[in-house]
Structure formats: C-alpha cells, structure tokens
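The values are calculated or read from the model by the stated rules, or taken from the named source; none is laboratory data. The model shown is predicted, which means the values in this text are computed figures rather than measured ones. Quick reminder, even Gly has a Cβ in these numbers, built from the backbone with ideal geometry, and neighbours come from all protein chains shown. Remember, those area values only see protein heavy atoms, side chains included, never the ligands or the DNA or RNA. Shrake-Rupley method; radii C 1.70, N 1.55, O 1.52, S 1.80 Å.
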Amino acid sequence: AVCSGLLRIIPEQLAGLLRLTSDSKKIVEGSVTGFSFLARSFWPEVVEQFLASLSHVASPGNPDEFVKNYNIAMKFLEDFEMNLECEESFRSVRDSEQYSDFMQLWNLPVYFQIRFQEIAKPVESLMTATTLEKADSDQCRLKVTQAAMLSIEECFKPGVYLPSLSQRFLQLSL
C-alpha cells in the first residue's frame, strides 16, 4: 500500500513539477532543464523515510514475509524507474548512495542462509542416519532420495526463490 501510494504521487501530484524539470525543448515557460526531480529529490526522500520508518519489513527473520516484502520493494523500484525521464536520471538513481543503502537493507545473504538451513536439514538428517529407509513413493526407492528431490523443488518455489540469489539456489540444488 505504501509503495503504490508513492507511485501514485508521481502522476497525480508531481506532474506539473516534472513538466518543468524535464522540458528540454523549453515549451513550458519557466522550465528548468538539467535537473531530474525524481532522481535527485523524490528518490532520496523516499529512501530516507523507508530506512527510518519501514526498515523492519526487510528483516529476514521471517523468510516468507521477507520474500513478499522484497518482491514488493523490487517491483516498486522497477515501476519507479519507469517514471524516470532519461538514461541519465536512471544512472543517477542507480549510482546514488540512497540506492546502495536501499539495496543493502535487504540482507540477502542472511535470507539465503535461513533458507539453506530449512532446505538442507531434512536431507542432511537422513544422510547421517545409520540405516537407509525405504521411500513412501514410487518415484524413489530411498527416503533420502525423496527428501533430496523435495529439497531441489523447494529451492525454486515462488515463495522461496529470488532471482537475485539464482546462483546460490542453483548451487544448493546441485
């Protein structure tokens, strides 16, 4: 709700200001060129407020909530970037300290470590057993094989897998 509200502000409340700051042909009287309001004013303020008030949504302690919030935040970022007037504004956002702070807020290594433990634990416990048990399904003969297959599937479930961690999830599945 917060992210969609922020995006609605752009066309609903900032349209006039954006016309003044992105009018390279000087069609609008009083326009100022060379200043990207979204990249240099809106974005820094959004990130500052996000870090001050909403940083708890990026806590990987609850991995299911983390994935949901991360996906919302990345979609917001993508939609926000679609509003930028030019490549220079896009680069300005991506190269900014605020962008770096925003991305670092999402502690992906800790999230992956939590998921790694959840996914690998069933396989590891069956592999350390002194006897190999027969599987319940027709697809596998051993429970350890069945657990390994389920773990591989778990790596790529929509509520678990994050494209930005694709290499790590691929390694885990191997």
Separation between the S41 and Q171 pseudo-spin-labels, each 7 Å from Cα along Cα→Cβ, expressed in nm?
4.5 nm
Only sites in a loop by DSSP and with at most 10 other Cβ atoms within 10 Å count here; which GluC sites (Glu not before Pro) in region 26-130 make the cut?
E29
Karplus-derived HN-Hα couplings along region 155-167 (A = 6.51, B = -1.76, C = 1.60, θ = phi - 60°), whole Hz, x at Gly and Pro
4, 10, 5, x, x, 10, 5, 10, x, 5, 10, 4, 4
How would V57, V160, V2 rank on accessible area, largest to smallest, probe 1.4 Å?
V2, V57, V160
In the chain, what percent of the accessible surface is made up of carbon and sulfur (1.4 Å probe, ligands and nucleic acids excluded)?
54 percent
Of S137, S55, S151, the one that fluctuates the most in a GNM where the chain has Cα springs shorter than 10 Å
S137
Let me cross-check L84: its accessible surface, 1.4 Å probe, with only protein heavy atoms counted, in Å² to the nearest 10?
20 Å²
So which aspartates and glutamates pass the test for K143, namely a Cα distance under 20 Å, with those fewer than 8 places away in the same chain ruled out?
E118, E124, E133, E153, E154
Two-site label geometry, K75 and L14: point separation in nm, points 7 Å out along Cα→Cβ
2.0 nm
Alpha-carbon Debye profile of the chain, log10 I(q)/I(0) at 0.09, 0.14 Å⁻¹
-0.48, -0.82
Search the structure for amide H atoms under 5 Å from the amide H of L142, placed 1.01 Å from N in the peptide plane, and list their residues when 5 or more places away or on another chain.
A135
Is it possible to state the helix-based mean residue ellipticity at 222 nm for the chain, with each DSSP H run of 4+ residues giving -39500 (n - 2.57), the sum divided by total residues, to the nearest 500 deg cm²/dmol? What is it?
-19500 deg cm²/dmol
What angle, in degrees between 0 and 90 and rounded to the nearest 10, separates the Cα long axis of helix 43-53 from the longest principal axis of the Cα atoms of the chain?
50 degrees
Given a 1.4 Å probe, how much area per residue of the chain is accessible, in Å²?
63 Å²
